[in-house]
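*Asks:* Following this message is one structure expressed as structure tokens.
The values are calculated or read from the model by the stated rules, or taken from the named source; none is laboratory data. A quick note: this is a predicted structure, and the numbers were derived from the prediction, not measured. Positions of Cβ are backbone-derived with ideal geometry, glycine not excepted, and every protein chain shown enters the neighbour counts. Ligands, DNA and RNA are stripped out before the accessible areas are found, and what is left, the full protein with its side chains, is counted by its heavy atoms. Shrake-Rupley method; radii C 1.70, N 1.55, O 1.52, S 1.80 Å.
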Amino acid sequence: MKRSRLIGLLLLLPWLITFLVFWFFPLVFSLLAGFTDYSLLSRAGMEWIGWDNYRGLLADEDFHSALKNTFIFVIGSVPVTTVLALLMALLVSRRLPGRSLFRAGFFLPSITSMVVIALIFTNLYQRGGYVATLATMIGFVPPEHGFLYSSSTALYSIMAMDIWMSVGYYMLIFLAGLKAIPIELYEAARIQGASSTRQFFSITLPLLRPVALFIVVINSIKSFQVFVEIFVMTKGKFDTASMVYFIYDVGVTTAFQFGYASAAAYVLFLIVAAFAALQFLLLRRRQPIW
Amino acid sequence: MVTNRIHLVLRYVGLSAVLAVMVFPILWMFRVSLMPAGAAVGFGDLFSTGVTLTNFIDLFRQASIGRFLFNSVLVAVVVTVANAFFCFMVAYALARYRGLAGRIMFVTVIVVLMIPAHILIVPLYVLMLKMGMYDTYWALMLPWLVNPIGIFLVKQYLESIPPDMEDAARIDGAGELTILFRIVMPLCKPALAVLAIQVFFTNWNLFLFPYILTSSESLRTLPVALAHFQGHQAIDWQHLMAGSAVAVIPVLIAFGFLQRHIVSGITAGAVKQ
């Protein structure tokens, strides 16, 4: 028994070490650093400055806009992604010849590298690119230099691309949810003469609620951390900088304000933690929540 | 009967329209990667210009894309293999040795699952600098050798396997390591396959951390190299898309073979009845 405990501990060691060194230590470090003026460039060494970084964030226009852009991104893209993913799942859920081809095609963007997708759309969105030309055809005039070079369209263009990219992934989760609904329910409904619209609203939708909620929460957590597409497509210009972009920008580019960036990271952490807590509650509950 | 036909046709029309939207940008990438450098990349040009492989040849000759490909493969393979072993070990310990320590570990795993990795940008950067690992392969691999989602996945699977076989082997005098790697690990193959696929895909496409934790050209993975190309004045769309194709083709091939596992990996855990 003693021996097997020892082995158990040995087995846990890889996780214990990586967790302590690469997760726990950095988390504590940046929590503390958030209360100092720690910076790579200052020679004086770091000084404890209390809540100054957080007060600074409150007054920082760039941080405000990063916060605003991130929330626009989450609030705008999560519901659209969820609805589209559900519609696509319904489209491919029936037995149809060629169904797996459609599924694979819909899923294709979500296994492609974000950097690659962002590069492709940088071209499609630019002046003379496909999206810009199509938009002109249907009467929407794109900004002079293309969609990514104007504050009024850049963020929304990135959001649209992001929805396009991730919708196939959530479609798969919806499909799994659809599969889990017992067929008997539909048979019973049909016998009683319920129309397919009625079946959708009385059976499919209520039973998919837990799945939909799960999708909304994980997609929100992911969307709060949007970075790569913004980095590649606009470098945070034209009012697109997200919170992670802000952290990256003040933390590890030219300024190296580690303390300030750490404080910003903890603000993000608190926001995401709230959503993560929600996820935890949902995962533990088996019953639909509403 | 006729309305059924119409329904079917409508469904296919809808499906094809969505498919076109989803696939076009990726097809566009491949088409542009095959266009002669310097040709226009606009509406209509896709069909009027010829097909050539010179962009790919240029990249392998001049831009050391072979090196980036090697880095991507190396990092993704090492991290994937390490995850398969380490997540399995941890999951086994958590699934079989119950007790206070085990429960604390499990809660830790769950908590870490929920921490956004992006808040580690600054501390990981500083840590790698201080440990002398900044701009080395270590920086690309070490933080990702074990992952909580993987531990969770394998643990759930292990709990569905009764421990009888292990006990029988123990009575026969097999050592713990033999039991672990010769008996239990093969049983976990389905879960480990799902884990390996997820880890491989994630790491193949990873951008932010490889980007900030390295600076030399020789350590760039494909996504990092592509982001650097983009800032380059001399690189045109044709070469950029050829580079992108190099990053995407392995993923497409893998997806073709592993589709079923990928789908089951994504839906595992998402839908619980």
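*Asks:* Looking only at region A:102-111, decide whether some residue is within 28 Å of B:I197 (Cα to Cα), in contact (Cβ under 8 Å) with a residue 12 or more places away in the chain, β-branched (V, I, T) and crowded, with 18+ Cβ neighbours inside 10 Å.
*Replies:* No, that holds for no residue.
*Asks:* Report the residue count in region A:129-162 for those that are open to solvent by 30 Å² or more (accessible area, probe 1.4 Å), within 26 Å of B:A242 (Cα to Cα) and touching a residue at least 12 places away in the same chain (Cβ under 8 Å).
*Replies:* Selection size over region A:129-162: 3.
*Asks:* Please tell me if B:F86 is open to solvent by 40 Å² or more (accessible area, probe 1.4 Å), within 8 Å of chain A (Cβ to nearest Cβ) and either farther than 30 Å from B:A242 by Cβ or among the acidic types (D, E) (or both).
*Replies:* Working: open to solvent by 40 Å² or more (accessible area, probe 1.4 Å): yes; within 8 Å of chain A (Cβ to nearest Cβ): yes; either farther than 30 Å from B:A242 by Cβ or among the acidic types (D, E) (or both): yes.
Here the answer is yes, as B:F86 does meet what is asked.
*Asks:* Give region A:110-139 a look and list any residue that's within 7 Å of another protein chain (Cβ to nearest Cβ) and either of a type in the set (D, E) or out of contact with any helix residue (DSSP H, G or I) (no Cβ under 8 Å at 6 or more places or on another chain) (or both), or say none.
*Replies:* Selection gives A:G128, A:T133.
*Asks:* Hey, another quick one. Quick check, is B:A254 of a type in the set (A, V, I, L, M) and under 18 Å from B:S64 (Cβ atoms)?
*Replies:* Values: of a type in the set (A, V, I, L, M): yes; under 18 Å from B:S64 (Cβ atoms): no.
Taking the combined requirement at face value, the residue does not satisfy it.
*Asks:* Could you grab the pairs with beta carbons closer than 9 Å, sequence gap of 6+ or different chains, first residue in region A:6-21 and open to solvent by 90 Å² or more (accessible area, probe 1.4 Å), second one not in a helix (DSSP H, G or I)?
*Replies:* Hits for this filter: A:L9/B:Y97; A:I17/B:V146.
*Asks:* A further question follows. Please go through region A:223-246 and pick out each residue that is under 16 Å from A:F71 (Cβ atoms) and facing chain B (nearest Cβ under 9 Å).
*Replies:* Result: A:F224, A:Q225, A:F227, A:M243, A:V244.
*Asks:* While we're looking at this one, here's another question. Can you name the residue in region A:241-263 that is among the hydroxyl-bearing types (S, T, Y), in contact (Cβ under 8 Å) with a residue 12 or more places away in the chain and farther than 27 Å from A:S152 by Cα and, of all such residues, is most open to solvent (accessible area, probe 1.4 Å)? So that I can check it myself, show each step before the final result.
*Replies:* In the first step, residues of region A:241-263 are kept if they are among the hydroxyl-bearing types (S, T, Y); the result is A:242, A:245, A:248, A:253-254, A:260, A:262.
Within this subset, residues satisfying the condition of being in contact (Cβ under 8 Å) with a residue 12 or more places away in the chain are A:242, A:245, A:248, A:260, A:262.
If we keep only those that are farther than 27 Å from A:S152 by Cα too, we end up with A:260, A:262.
Numbers: A:Y260: 33, A:S262: 1 Å².
Here the answer is A:Y260.
*Asks:* Separate question: What tally of residues in region B:89-112 results from selecting those that are of a type outside the set (G, A, S), part of a helix (DSSP H, G or I) and open to solvent by 60 Å² or more (accessible area, probe 1.4 Å)? Don't jump to the end; show me each part of the working.
*Replies:* First pass over region B:89-112, keeping only residues of a type outside the set (G, A, S): B:89-90, B:92, B:94, B:96-98, B:100, B:103-112.
If we keep only those that are part of a helix (DSSP H, G or I) too, we end up with B:89-90, B:92, B:94, B:96, B:100, B:103-112.
Now narrow it down to the ones that are open to solvent by 60 Å² or more (accessible area, probe 1.4 Å): B:100, B:103-104, B:107, B:111.
Final tally of qualifying residues: 5.
*Asks:* Hey, which of the helices (runs of 4 or more DSSP H) in region B:138-245, taking only ones fully inside, have at least 1 residues that are more than 12 Å from chain A (Cβ to nearest Cβ), surrounded by fewer than 16 Cβ atoms within 10 Å (Cβ to Cβ) and in contact (Cβ under 8 Å) with a residue 12 or more places away in the chain? Can you show your working first?
*Replies:* On the way: elements: B:148-159, B:164-171, B:189-205, B:208-213, B:222-230.
Helices (runs of 4 or more DSSP H) meeting the threshold: B:148-159, B:164-171, B:189-205.
*Asks:* Collect the residues in region A:11-24 that are facing chain B (nearest Cβ under 7 Å) and hydrophobic (A, V, I, L, M, F, W, C), keeping them in residue-number order.
*Replies:* Pass one, region A:11-24, residues facing chain B (nearest Cβ under 7 Å): A:11-12, A:14-15, A:18-19, A:22-23.
Those that are facing chain B (nearest Cβ under 7 Å) and hydrophobic (A, V, I, L, M, F, W, C): A:L11, A:L12, A:W15, A:F19, A:F22, A:W23.
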